[in-house]
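Here's the structure we're looking at; comments come further down.
A short reminder: the numbers here are calculations on the coordinates, not readings from a lab. The structure presented is a predicted model; accordingly, all values stated were derived computationally and were not measured. Glycine also receives a Cβ, built like all others from the backbone with ideal geometry; neighbour counts cover every protein chain displayed.
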Amino acid sequence: MAKKVKMKGVDRISDLPDPILIHILSFLSTIIAARTSILSTRWRNLFTLVSNLNFELDGCISRWENRLRLRKFNSSTIKSFRCFVDRVLSFHGRTNVDKFRLKFRLKRGKCVDSDSACRWISGALMRGVKHLDLNISLDKFTFPDALFTCSSLVTLKLDIVLVLHVPEDIHFPNLETLHLKSVKFFDDNSVKSLFSSCSNLQDVVIENCSMMNVKSFRISHPLLRSLTIIRPCYTSNCWLTIDAPCLSNFKYIIDHLVAGYSLKNLESIVSADIQFLIENVDLQADARHAATIFREIYRVRSLVLSLYSLELLLSCEPFPAFPTLVELETPYDKAEQLMSSTDKGLETLLSHCPELENLAFRQVLFFDVLISLPEEVPSCLSFKVKAIEISNFKEDEDCIRKAKYILENGRALEKLTIRTSICCRFNKLKISQVLFAYPRKSKQCFILIV
C-alpha cells in the first residue's frame, strides 16, 4: 500500500498568480500590505502594485498599545507615518490609484501637517483616483485646486471640519457618490455649484453639516437615487429644497427644524426613514411642519418613523394616505420617550394604508398607540397584514384584549411576535396560555412570545 505523503510547510498562497495576490492585498490597510514584503522575495514588491491605498495613522500603533487601547501619537510616530505615505506614493510612480483613503484625527500640537496631506491628496488625484475617502482633522486646511476638477472621481467622501468653499468652475462629470460629514457650507452658491457640477450623481449623504451660512439648501438632480440627511446644525434659517424625480431611498434624521420645505417630484420614493428627534412645545405647529414631508412621500412602500415622527403623523390635518405602504417600523431608540396623548391612534393610520403587510414597533408600546378597536376593521388588518412585532407588551387586560382583536381579525396574519417587558417566567407563561388558546382567524398564524 502506497504511503500517504504529508505536505508540511508548503506555501500554497505564494504560488498564486500575481493578480490574485494583489487582489487579496487590496483588502488590507496599506501599512499591513507593506509588511508582507518581508515574507520573501516573492512578496517584496507586490504591495506596490495594489491600486487601493488605505492610510490610517492608527495602523502605526504597536500591537501591544492597540490592545491597551492607547492612542499616544508622538512626533516620531507621526514622522514615520508621513515618511511611509511618501514612500508608498513614490513606489507607485504613475500607476493608477483606484481607491485612496486617508484617516487621522489628532489633538492640537500632534498632527500631520497640512502641506503633507495636501501633497498626498494631489498625488492621488494625479494618478486618476476614482474613490477618495478623507477622514482627517487639520487646522487651516484647504483642498488642492485639482480636487474640484477631477474628472476621474466616482466616489467622494469627506469627514473633515472645515468651511467648504466651492469654486464656480467645479466639475465632477463622473461623480456618483458624495458623502459629506462635519463640513460647513460657505454659502448658497457653494451648495448650488456643488450639486450642479455632478451630472451623474446618484447617492448623497449630508451628516452633521453646518447650515449657518445657508438660506436655501437646494438638492435638485434628475438622476439622484439615494439621499440621506442626518442632524444638520444651525438650520433655523435654512430652507430645504428637494427636487429628485428618480429618488428611491430617503433618510431624514433631524433634531432641529428647518425654516421650511419645498419638495417636489418625490413620487418615486420606495423607502423612507423619517426621524424627528426633538419635541417642541407646539405639537400642532410641528405637525404642520412635518406634514409637508409626509404628503410628498405618499407613494412609499417601506416607512421607518421615530416615536415623535409617528406622533406628528397622527396629528396631521388632513391625514395623509399611503396607498402603497407595505412595511411600517418604529426603530429602537432608548433616548426617546413614549408618545404623549393624541386625538388619533394607530387605527387611523391603518385605515389609510390598504396594502400594509408588516408592522414592527420595536420601542413604543404598540397598544398604547392603538387607542381604539374600530368595529369596522381596517382592510389591511383583515386581508393584508402578515407580520406584526410588538415590544414592551404588558400583562394587563387592555393589552390582552387588543392582542385578541388582532388574532380574531387578521385573516392573512402569519406571525405575531410579542416582546414582553416582564421578567417573570410565570407571567410570560400566563400570557402564552391565554393567547395560544384564543381562536385565530388565520390558520397559519404563528405566535412567538419572548
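Which entries in Lys99/Lys181; Lys344/Lys404; Lys130/Lys264; Lys181/Lys215 show an alpha-carbon gap greater than 23 Å?
Lys130/Lys264
Given R₀ = 22 Å, what would the calculated FRET efficiency be for His23 paired with Asp203, taking r from the Cβ atoms and rounding to 0.05?
With R0 = 22 Å, the Cβ-Cβ based efficiency is 0.30.
Using amide H atoms built in the peptide plane, which far-off residues or other-chain residues are under 5 Å from Tyr252 H to H?
Amide H neighbours of Tyr252: Ile229, Asp273, Ile274, Gln275.
Mind checking Rg over Rh on region 279-450, alpha carbons, Kirkwood formula for Rh?
So for region 279-450, dividing Rg by the Kirkwood Rh gives 0.96.
Within region 116-222, list the GluC sites (Glu not before Pro) lying in a DSSP loop whose Cβ has at most 12 other Cβ atoms in a 10 Å radius.
Glu168
Using amide H atoms built 1.01 Å from N in the peptide plane, name the residues 5+ places from Ile418, or on other chains, whose amide H lies under 5 Å from its own.
Residues meeting the amide H criterion: Ile390, Leu448, Ile449, Val450.
For region 356-416, which GluC sites (Glu not before Pro) are in a loop by DSSP, counting at most 16 other Cβ atoms within 10 Å?
Loop-located and lightly packed - Glu375, Glu376, Glu395, Glu414.
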